[in-house]
Amino acid sequence: TMEAEHKEAIANISAEAQNTLQETKESHTLEISKVMKENEKSLADLRSAHASALDALQQQHCETLETACNAIRAELTGKAEEEQTQMKNLHSDFIATMEAEHKEAIANIS
């Protein structure tokens, strides 16, 4: 009968739709899995690149600090040497003055 054929056609269409839906779900699941694996690899690559960039930046920072410290050390050493020379000169001047005063005092006594 027409009604039985109609029900059978609806059942067939429903079965086909269920199969198509199942195939689509499986296809989407595989595609999602593939994309997630690609994303995980991309993330790992980014982490590695980030770590390398941080290492390079840290090395550059250390070199900059070392250069600055060496410059400060050289400046302080230069100042210390300059002050030491000034002290030696003052000491020599003081000794020369004391010797002159001593000679003058001896001359005055005589």
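Derivation of every value follows stated rules applied to the coordinates shown; laboratory data play no part. Treat the numbers as computed from the prediction; the structure is a model and nothing was measured. Quick reminder, even Gly has a Cβ in these numbers, built from the backbone with ideal geometry, and neighbours come from all protein chains shown.
Using alpha carbons only, how many angstrom separate the centre of segment 21-39 from the centre of segment 54-104?
72
What is the dipole size for the chain, taken about its Cα centre, with +1 at each Lys and Arg Cβ and -1 at each Asp and Glu Cβ, in debye to the nearest 20?
Dipole about the Cα centre, nearest 20: 160 debye.
So what's the net charge close to A96: Lys and Arg +1, Asp and Glu -1, counting the other residues with Cβ under 14 Å from its Cβ?
-2
Net charge near S33, counting Lys/Arg +1 and Asp/Glu -1 over other residues with Cβ under 11 Å of its Cβ?
Overall, the nearby charge balance is -2.
Would you kindly derive the ³J(HN,Hα) couplings of segment 47-63 from the backbone phi angles with the Karplus curve 6.51 cos²θ - 1.76 cosθ + 1.60 (θ = phi - 60°), listing them in order in whole Hz, with x for Gly and Pro?
These are the phi-based 3J(HN,Hα) values: 4, 5, 5, 5, 4, 5, 5, 5, 4, 5, 5, 5, 4, 4, 4, 4, 5 Hz.
Got a sec? How would T29, T1 order by Cβ neighbour count within 10 Å, fewest to most?
By the 10 Å Cβ count, ascending: T1, T29.
Most exposed first by the Cβ proxy, i.e. fewest other Cβ within 10 Å, how do E3, E101 rank?
Lowest to highest Cβ neighbour count: E3, E101.
Write down the radius of gyration of the chain and its Dmax, each obtained from C-alpha positions, in Å.
My reading of the Cα-based Rg and Dmax gives 46.6, 160 Å.
Please give the calculated 222 nm ellipticity per residue for the chain, where each DSSP H segment of at least 4 residues contributes -39500 (n - 2.57) and the sum is spread over every residue; nearest 500 deg cm²/dmol?
That calculation yields -38000 deg cm²/dmol at 222 nm.
How many lysine pairs does the chain hold where the Cα atoms are under 26 Å apart and the two sit 8 or more places apart or on different chains?
5
What number comes out for the charge environment of A11, summing +1 per Lys or Arg and -1 per Asp or Glu over other residues with Cβ under 15 Å away? Intermediate values should be presented prior to the final figure.
Numbers: positive: K7; negative: E3, E5, E8, E16.
Taking every Cβ under 15 Å from that of A11, the sum is -3.
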